[in-house]
Amino acid sequence: MSRLETLIARLQKFYGALPSPPGDPFTLFVWEVLSAHSTPRRRDAALAALKRIRALTPDATWRAPQKKLAEAVALAGPYLEQRLRALRMGVDLFRRSPTLPAIIKGPLPAARRALKPLPQLGETGAHRMLLFTADHAILPVDARINRVGGRLGYGEPSDDFRKSARSVQSAMTKEIGSSAAAFKRAFLYLSHHGAATCTDADPHCTVCPLLDDCPEGQKRTLHRDL
């Protein structure tokens, strides 16, 4: 077992079972749109509301009454118009490209190209789509994983997020293995850890299950003791 696999096992024991993003491509796209500038609780409330009005397929979302659609999406928080606009663009793309889910599951270069027109995904969202809906063994590196990885000593620090994220991704990928299940587990626990414990401004190092193997955590706790 690699160092990273050992750390992830500790996180799994510490946090218990965690929910995964949706496995259906369109539902995950909606999940991404609702997640931006929101919280997991608000995002999940909005997603549940869309499910209640049966608006979680491209055709159903296209046919849904606009008032009900807006009321459901509004539960995710601010930026309602931006979310609705992104949903309309995504619905149009999925309806015009019914083979998109199959393309995503195919060769990686074509899958990446197919996802580029989807709004609000970005590189990290596209990687989540490739991993959770198509089982491509790729690690999405969001701001949380980038922060956790850097503090654990993975990758090269950089003020350029894209550069540092790719560096963290490259370093971690070497230790995760080859199965999509292992990559999913790594993303879920590392990202959750970045949100719950290894926070940006005031990380909770004293309760962190990775403290003994974290250079940054050791440094922070040492400074607090002095």
Problem set entry | Residue in segment 76-88 that is assigned to a loop (DSSP other than H, G, I, E, B) and touching a Ser or Thr at 6+ places or on another chain (Cβ under 7 Å) present | yes
Seminar exercise, completed: Within segment 41-69, residues free of Cβ contacts under 8 Å to residues at least 24 places away in the same chain, part of a helix (DSSP H, G or I) and open to solvent by 60 Å² or more (accessible area, probe 1.4 Å) come out as 41, 44, 51, 52, 63, 66, 67, 68
Seminar exercise, completed: Checked segment 94-106 for anything closer than 10 Å to residue 130 by Cα and open to solvent by 70 Å² or more (accessible area, probe 1.4 Å); matches are 105
Exercise. Does segment 3-11 contain at least one residue that is over 24 Å from residue 104 (Cα atoms) and in contact with an Asp or Glu (Cβ under 6 Å, 6 or more places away or on another chain)?
Worked result: yes
Exercise. Taking residue 124 and the conditions (1) farther than 22 Å from residue 33 by Cβ; (2) polar (S, T, N, Q); (3) not in a loop (DSSP other than H, G, I, E, B), which numbered condition does it fall short on, given that it satisfies the others?
Worked result: (1)
Exercise. Could you list, in sequence order, the residues of segment 22-40 that are part of a helix (DSSP H, G or I) and either of a type in the set (A, V, I, L, M) or open to solvent by 50 Å² or more (accessible area, probe 1.4 Å) (or both)?
Worked result: 28, 30, 33, 34, 40
Seminar exercise, completed: Taking segment 165-196 and keeping only residues that are more than 22 Å from residue 133 (Cβ to Cβ), buried (at least 20 other Cβ atoms within 10 Å of the Cβ) and hydroxyl-bearing (Ser, Thr, Tyr), one is left with 167
Exercise. So which of 142, 135 is within 12 Å of the chain's Cα centre (by Cα) and in contact (Cβ under 8 Å) with a residue 24 or more places away in the chain?
Worked result: 142
Exercise. Picking from 119, 140, 157, 109, which residue would you name as being in a loop (DSSP other than H, G, I, E, B) and open to solvent by 30 Å² or more (accessible area, probe 1.4 Å)?
Worked result: 157
Exercise. Touching a residue at least 12 places away in the same chain (Cβ under 8 Å), outside any helix (DSSP H, G or I) and among the polar types (S, T, N, Q): does that describe residue 178?
Worked result: yes
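The values are calculated or read from the model by the stated rules, or taken from the named source; none is laboratory data. Because the structure is a prediction, the values reported are computed rather than measured. Neighbour counts are summed over all protein chains in view; Cβ atoms, including those assigned to glycine, are modelled from backbone coordinates with ideal geometry. Protein only, heavy atoms only, side chains kept; ligands, DNA and RNA dropped before computing areas. Shrake-Rupley method; radii C 1.70, N 1.55, O 1.52, S 1.80 Å.
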